[in-house]
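Below: the structure, in structure tokens.
The values are calculated or read from the model by the stated rules, or taken from the named source; none is laboratory data. Predicted model only: the values in this text are computed from it and were never measured. When we count neighbours, we look across all protein chains shown, and the Cβ atoms used for this are built from the backbone with ideal geometry, even at glycine.
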Amino acid sequence: MLAQLRPAFVATLFFTLLLGVAYPLAVTGIGALAFPFQAGGSLIRDAKGQVIGSALLAQGFSQPRYLHPRPSAAGSGYDAANSSGSNLGPLNPDLAKRVAKDTDALRGEGPGPVPADAVTTSASGLDPDISPANALRQVNRIAAARRLPASAVEHVVSASVEGPWLGLFGQPRVNVLKANIALDAAFPAAHP
Amino acid sequence: MNGQGWAEIVLTLAVSVVLAWPLGIYMARVWQGGRTWLDPVLRPVERLIYGACGLRLEKGQSWLAYAMSFLAFSIAGFVVLYLILRFQNLLPLNPQGFAGLTPDLSFNTAISFVTNTNWQSYVPETTVSTFSQMAGLTSHNFLSAAAGIAVAASLARAFAANRSENLGDFWVDLTRISLYILLPFSLVIAVAYMALGEPQSLLASVTAHTVEGAKQTIALFPTASQEAIKQLGTNGGGVFNANSAHPFENPNAATNLIEIVSMNVLGYACAVAFGRVVMAKRDGRALVMVMALFVLAAAGAVYAAETRPAPALAAAHADAGVNMEGKEVRFGAPSTAIWTAATTGASDGGVNAMHDSLMPLAGGVAMFMIQLGEIVPGGVGSGLYGMVVLALIAVFVAGLMVGRTPEYLGKKVEAREIKYAMLAVLILPLAILGFSGVAAVLPVALKGLANPGPHGLSEILYAYSSATGNNGSAFAGLSANTPWWNSTLGIAMLLGRFAYAIPVLAIAGSMAVKPKLGATAGTFPTDGPLFIGLLIGVILIMGGLQFFPALALGPIVEHFQALHAVAASH
């Protein structure tokens, strides 16, 4: 056993340098050269170059003129430095209470039952997407807030729907941040 | 449930299994020291390591020497990783300014990553520095995986041997598997992940000023490089707390597919490589089929459970078609189902949905897959050697039925090997049920529970199953960063890794010295449907008999509560 300690520690240190330092740094270098946007976190900037968020992460929206993301259990909500789900079990009374309250608040917003993703917290608390049904159900509220015909808003929202990958993998979805930026771009008059 | 969902599940599994063949052929060549196209670059690196370690390579090792090397390496890894985590505040690349981890958390985390478990009692983005992520955790993602595959390679040599003590050399296996398999594939996959959207940054965070005028701090890490080996090496430890549900770790359906495939493909490939080294390709294929059938069945069961009416949604009269609590919209039920089956079958433990919020039966299936012993397809290497242990028990059972000394792959299976096999297999109920039983009555343990009722028991049972199976996923509501949970889960991880692998190496030593027999008319064939059925039966009975009573008190009773709740809300 003692004779094994030399190779054990030498190998550990050697591989720590190779696999724990050289490898991630090499990948970082490749990323900086070949994929600077993705490697930097898919950051979206405004006209002045200021970062307004990541295309991959949810951020809070509560004004009626914007699409609203799913509820978030990350930190105090949409905390991109503290990702988390609620971890409430399917029969946890706290979950039932929260879902009932959120569902009641959304019931009058549009036709049909409230979509599941609108009243459930995501696994990460940073889910950037909502279901197309959830997005379309918010059209009337957005149109009223922006004093626009519903069809104009619906057009922008529908254009934001992304289908499953290769038509097969994953689910159709609407990226909330990108769709809201598209809304502001399409209807600049509504911007304060 | 719909056709697209089923097609996604079946196709994902099919890609994993089909890719395992070329990979398995390549892996067999790496195990046997054969030539590869990477030789010009990597041979000199190999020689450098052997020289620095002071190895004399011509001898090979007996099973005991091999086991001692495996243990010594794990101890060295534990010591180095413990020190990195404990004193990360004194080390470079700590832009977050994090303090060193507490002693019990450093102990738990170091064991967790050295045993290929990657259980995480902590929230990474608020605890672990960039240096610790890279030099500490990413490197052990490689090394614990390579050590597991090394043990599988030595077992393959044992079955191929004819009256020999030589199981190969642990240090050579470790080096070659790291350099020729894990490093190049991880590099390619990491670049693909970046192309598809994953970040790779040495910055601590970026501050965004959101559209509505709030401030959002966006944590960044070298994500892609760790994500690649995290899945390929069936590690599963997330760079972020939400693991592969976090959009940075798994931004879309394409990364999701690559991650599922890469967490299973080497497990299947180990069985293919085993078959080739032992010169029993059809027997290797039979093991792959058993593994894949379990994953398919589990994925189907999770998909079915997750598309039953969710109680909270049904009660609120919202659309209750899919249980979306703890799920991401881009994945939905089918991507979550195949991932859950793949990650719990594979001892990976990465998650793309929160298992704590799964429907009761889906959570139960996840737990059951872990309790089968992490062999379908299991952790890299460890899945294969666990499956061979079950195969030995299966031929032993068949031998008892016909009253003949059983053989497996040309080796007589005798009392000594079956004793070692049982020793290995019984460590699972001992650690899982033993610790769970104690925790279920200890106030200091129960303080950590997040959910009341049977779901609370499920949290306990899942935690010890995950630790002992070296899986690492969790019913994450459990607040496990306490001395009780950190220390007992650490011990469970050690038992699950070493109290399993050492008897396996003893089996290898005992098999290697036996003569290799040719098949006769009386040999029970271990490559056909009869054996596949028998092996599935043995796996189910071992898992079912041992854990069914505990599962009945957790997920199964909760399932009936859920049915009742949904019926009452109509």
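Remarks
- Residue within segment A:148-171 that is assigned to a helix (DSSP H, G or I), within 14 Å of another protein chain (Cβ to nearest Cβ), free of Cβ contacts under 8 Å to residues at least 12 places away in the same chain and farther than 22 Å from residue A:101 by Cα present: no
Per-residue answers, yes or no, for (1) under 22 Å from residue B:332 (Cβ atoms); (2) in the same structural domain as residue A:175 (by TED's automatic domain parsing); (3) of a type in the set (Phe, Trp, Tyr); (4) not in a loop (DSSP other than H, G, I, E, B):
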{"residue": "A:75", "(1), (2), (3), (4)": "no, yes, no, no"}
{"residue": "A:99", "(1), (2), (3), (4)": "yes, yes, no, yes"}
{"residue": "A:103", "(1), (2), (3), (4)": "yes, yes, no, yes"}
{"residue": "A:111", "(1), (2), (3), (4)": "no, yes, no, no"}
{"residue": "A:123", "(1), (2), (3), (4)": "yes, yes, no, no"}
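- Set side by side, the residues B:449, B:430 differ, and just one is assigned to a loop (DSSP other than H, G, I, E, B), surrounded by fewer than 24 Cβ atoms within 10 Å (Cβ to Cβ), in contact with a helix residue (DSSP H, G or I) (Cβ under 8 Å, 6 or more places away or on another chain) and not charged (D, E, K, R), which is B:449.
- Test result for residue B:320, part of a helix (DSSP H, G or I) and either under 20 Å from residue B:358 (Cα atoms) or in contact with a Phe, Trp or Tyr (Cβ under 7 Å, 6 or more places away or on another chain) (or both): no
- Listed conditions (1) of a type outside the set (A, V, I, L, M, F, W, C); (2) within 26 Å of the chain's Cα centre (by Cα); (3) more than 7 Å from chain B (Cβ to nearest Cβ) are all met by residue A:53, apart from (3).
- So residue A:144, is it touching a residue at least 60 places away in the same chain (Cβ under 8 Å) and either in contact with a helix residue (DSSP H, G or I) (Cβ under 6 Å, 6 or more places away or on another chain) or farther than 21 Å from residue B:253 by Cα (or both): yes
- In the set B:260, B:218, only one residue is in contact with a Leu (Cβ under 9 Å, 6 or more places away or on another chain), without any contact (Cβ under 8 Å) to a residue 60 or more places away in the chain and within 30 Å of residue A:179 (Cα to Cα); that residue is B:218.
- Residues that are touching a strand residue (DSSP E or B) at 6+ places or on another chain (Cβ under 8 Å) and among the charged types (D, E, K, R), drawn from segment A:94-125: A:117
- Only listed residue being in contact with a helix residue (DSSP H, G or I) (Cβ under 7 Å, 6 or more places away or on another chain) and among the hydrophobic types (A, V, I, L, M, F, W, C), chosen from A:73, A:34, A:47, A:55: A:55
- Residue under evaluation residue A:25, criteria (1) more than 7 Å from chain B (Cβ to nearest Cβ); (2) assigned to a loop (DSSP other than H, G, I, E, B), criterion not met: (2)
- Among the criteria (1) more than 7 Å from chain B (Cβ to nearest Cβ); (2) assigned to a helix (DSSP H, G or I); (3) crowded, with 24+ Cβ neighbours inside 10 Å, the one residue A:19 does not fulfil is (1).
- In a residue-by-residue description of segment B:146-168, the property of being within 11 Å of chain A (Cβ to nearest Cβ), outside any loop (DSSP other than H, G, I, E, B) and under 26 Å from the mean Cα position of the chain (by Cα) applies to at least one position.
- Complete set of residues in segment B:195-251 that are of a type in the set (A, V, I, L, M) and more than 15 Å from residue A:43 (Cα to Cα): B:202, B:214, B:224, B:228, B:229, B:232, B:239, B:242, B:245
- Of the residues examined, residue A:41 is one that is in contact with a Phe, Trp or Tyr (Cβ under 8 Å, 6 or more places away or on another chain) and either at the interface with another protein chain (Cβ under 7 Å from one of its Cβ atoms) or crowded, with 20+ Cβ neighbours inside 10 Å (or both).
- Subset tally (residues that are farther than 30 Å from residue B:451 by Cβ and assigned to a helix (DSSP H, G or I)) for segment B:515-570: 11
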